[in-house]
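So the structure is just underneath, and the comments pick up after that.
The values are calculated or read from the model by the stated rules, or taken from the named source; none is laboratory data. Source: prediction; values computed, not measured. Using ideal geometry, Cβ is built from the backbone for each residue, glycine included, and neighbour counts are taken over all protein chains shown.
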Amino acid sequence: MAAAPTADLALIGLAVMGKNLILNMNDHGFTVCAYNRTVSKVEEFLANEAKGTNIIGATSLADMVSKLKRPRRVMLLVKAGSAVDGFINQLVPLIEPGDIIIDGGNSDFNDSTRRCKELAAKGFLYVGTGVSGGEDGARYGPSLMPGGNPEAWPHIKDIFQSISAKSDGEPCCDWVGAEGAGHFVKMVHNGIEYGDMQLISEAYHLLKSVCGLSNDEISSVFEQWNNGELESFLIEISRDILKFRDTDNVHLVDKILDSASQKGTGKWTGKTGLDMGIPITLIVEAVFARTLSSFKSERVTASKLLKGPSPQPESGVSNPLEHHAGLIKAIKEALYASKIISYAQGFMLMRATSQEYGWTLNMGGISLMWRGGCIIRSVFLGKIKQAFDSNPDLSNLLVDDFFNAEVARCQMSWREVCCKGITNGIPMPAFSSALAFYDGYRCDKLPANLLQAQRDYFGAHTYELLDSPGTHHHTNWTGHGGTTSASTYNV
Ligand code: NBP
């Protein structure tokens, strides 16, 4: 007689995320069955990291399914894309209606929506969950953002909320919404992560090249910043990176090639912003800043040809930290104000997409999920949660009293820092595009009237008048154009 199933959940994918998540679940008293495409990795895992735990292994998918309690819960942590569809196709003939398939990889939310619908049609419950926090998060408490078929949530809630990070005693995990909502929220999280990293890098560039601070001095500045409103995981690791010395006692950061790469979630966020018509300018600039950095050899050539100001830290300054105390404070305030813009834009995108797909995303809940465990975790997210708690229908973070006052407090420094960067030839795409967004958002009359006239002039696209919005007009601007307006040729 076959042994009674004992596993609470099966996890497929024994790379860095999968292994650590299994160990985390084991620590919380759940029995996990491990499986991997290259089956030999199951034995290796059981003999090493999982030795002495309650973790069990499987030799095939059928063996794995036979070890699962009902409803069966199978979680995938494999490379996003066709590997996920491949496993789903192999699992479907082995499981029963009511069983649950969870994808914890960085999947495109459109794929998750498709999978959710396809599996629902066959009676299976699909969950696409964001998992953030990297290796350490997976092992000791990630931020988890599950979405998909809501009928699955009661069956996974206990496991997910037990293993997730906690913030003020609350789990950094809650149900996000239907279909691909979980992976969508994770994607926006990653886009915001791109923005935060770029902003910190621009602050580093200014502190280094305009203030003339050494790596250790910048590390001490970040240490101070980490004791206030900028307190966050990314400031903390930047502080540590800047003081880290290689075996030859040279700062490692100075040896690292200045050419950044990306894995795609920032790009997906940018594309979604364009599709939804939401100006997430800072995230897009952060993605393009990485792409520009990758043109290393062209930049080296151009640096010798193209004229412009080069930063010249004042010479003969014995204590630059003290000498530039005012500018350093201004850079901190510029970073903070820009960060507020970045989050305001990210939440605008979530609000619009939630309305488009009918997901009713809970913005306060999302802030709490990001408050701990994930890469963008910060004190600041607690303030965002408060803003949405006091007004769940808040149209934009910038009109919340707290954030409005904070941006007002920081804005003269922000403008001063942008000018300083421009006059010194320091590229600051994130700082400056954040400021341009702020000025655009608070401007009651933009020059789009001229744009509309241009569109109508060459393409008969029509325009509305200030005193009769909703009615479209076309003018024969040249005297030889016709009176017919365009309906298809869009510019
Ligand atoms: P990887 O993204 O490196 O994926 C490794 C796993 O995918 C292994 O189990 C591998 O099996 C399996 N796999 C591959 Br690769 N191609 C496959 C295919 N065609 N068919 C079936 N299985 C395949 O692992 P990871 O870094 O642990 O990430 C897992 C997921 O979590 C990814 O979607 C990732 O984007 C996401 N994520 C990663 C992090 C992070 O910090 N690393 C954070 C958050 C989310 P094999 O052993 O047989 O090659």
### Summary
Apart from one, (1) assigned to a helix (DSSP H, G or I); (2) in contact with an Asp or Glu (Cβ under 8 Å, 6 or more places away or on another chain) all hold for residue 212; the odd one out is (1)
### Summary
Inside the range 26-49, the number of residues satisfying the requirement of being in contact (Cβ under 8 Å) with a residue 12 or more places away in the chain, more than 20 Å from residue 91 (Cα to Cα) and aliphatic (A, V, I, L, M) is 1
### Task
Assess whether residue 256 counts as being closer than 25 Å to residue 358 by Cα and either crowded, with 16+ Cβ neighbours inside 10 Å or at pLDDT 95 or above (or both).
no
### Query
Which of (1) surrounded by 15 or more Cβ atoms within 10 Å (Cβ to Cβ); (2) out of contact with any His (no Cβ under 8 Å at 6 or more places or on another chain); (3) farther than 23 Å from residue 433 by Cα is the odd one out, the single condition residue 225 does not satisfy?
(3)
### Message
Conditions first: (1) crowded, with 21+ Cβ neighbours inside 10 Å; (2) within 30 Å of residue 112 (Cα to Cα); (3) in contact (Cβ under 8 Å) with a residue 24 or more places away in the chain. Residue 392 passes all but one, so which condition is the exception?
### Response
(1)
### Message
When you scan the range 135-148, do you find a residue that is touching a Leu at 6+ places or on another chain (Cβ under 8 Å) and among the basic types (Lys, Arg), even just one?
### Response
yes
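Determine whether residue 196 is acidic (Asp, Glu), in contact with a strand residue (DSSP E or B) (Cβ under 8 Å, 6 or more places away or on another chain) and part of a helix (DSSP H, G or I). Step through it out loud before you land on a result.
On the way: acidic (Asp, Glu): yes; in contact with a strand residue (DSSP E or B) (Cβ under 8 Å, 6 or more places away or on another chain): yes; part of a helix (DSSP H, G or I): yes.
Criteria met by residue 196.
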### Message
So if I check each of 182, 191, 195, 169, which one is on the phi > 0 side of the Ramachandran plot and either touching a Ser or Thr at 6+ places or on another chain (Cβ under 8 Å) or away from the ligand (no atom under 16 Å from the Cβ) (or both)?
### Response
169
### Message
Tell me whether the range 426-442 contains one or more residues that are farther than 24 Å from residue 206 by Cβ and surrounded by 15 or more Cβ atoms within 10 Å (Cβ to Cβ).
### Response
yes
### Message
I want to confirm something. Restricting to the range 1-25 and keeping residues that are in a helix (DSSP H, G or I) and in contact with a strand residue (DSSP E or B) (Cβ under 6 Å, 6 or more places away or on another chain), which single residue is farthest from the ligand (Cβ to nearest atom)?
### Response
25
### Query
Where residues in the range 26-36 are more than 10 Å from the ligand (Cβ to nearest atom) and touching a Leu at 6+ places or on another chain (Cβ under 9 Å), which of them is nearest to residue 165 (Cα to Cα)?
30
### Message
Condition check: of a type in the set (Asp, Glu), over 28 Å from the mean Cα position of the chain (by Cα) and part of a loop (DSSP other than H, G, I, E, B). Does residue 444 satisfy that?
### Response
yes
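Table: residues versus (1) buried (at least 19 other Cβ atoms within 10 Å of the Cβ); (2) touching a helix residue (DSSP H, G or I) at 6+ places or on another chain (Cβ under 6 Å); (3) more than 24 Å from residue 270 (Cα to Cα); (4) among the hydrophobic types (A, V, I, L, M, F, W, C).
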{"position": "352", "(1), (2), (3), (4)": "no, yes, no, yes"}
{"position": "356", "(1), (2), (3), (4)": "no, no, no, no"}
{"position": "359", "(1), (2), (3), (4)": "yes, yes, no, yes"}
{"position": "367", "(1), (2), (3), (4)": "yes, yes, no, no"}
{"position": "372", "(1), (2), (3), (4)": "yes, no, yes, no"}
{"position": "381", "(1), (2), (3), (4)": "yes, yes, no, yes"}
{"position": "397", "(1), (2), (3), (4)": "yes, yes, no, yes"}
{"position": "406", "(1), (2), (3), (4)": "yes, no, yes, no"}
{"position": "410", "(1), (2), (3), (4)": "yes, yes, yes, yes"}
### Task
Within the range 466-489, identify whether any single residue is buried (at least 16 other Cβ atoms within 10 Å of the Cβ) and over 22 Å from residue 282 (Cβ atoms), and answer yes or no.
yes
### Message
I'm trying to understand the selection: among the residues of the range 80-95, which are under 22 Å from residue 69 (Cα atoms) and polar (S, T, N, Q)?
### Response
89, 90
### Query
Just checking, how many residues over the range 332-359 are under 15 Å from residue 181 (Cα atoms) and over 14 Å from the mean Cα position of the chain (by Cα)?
9
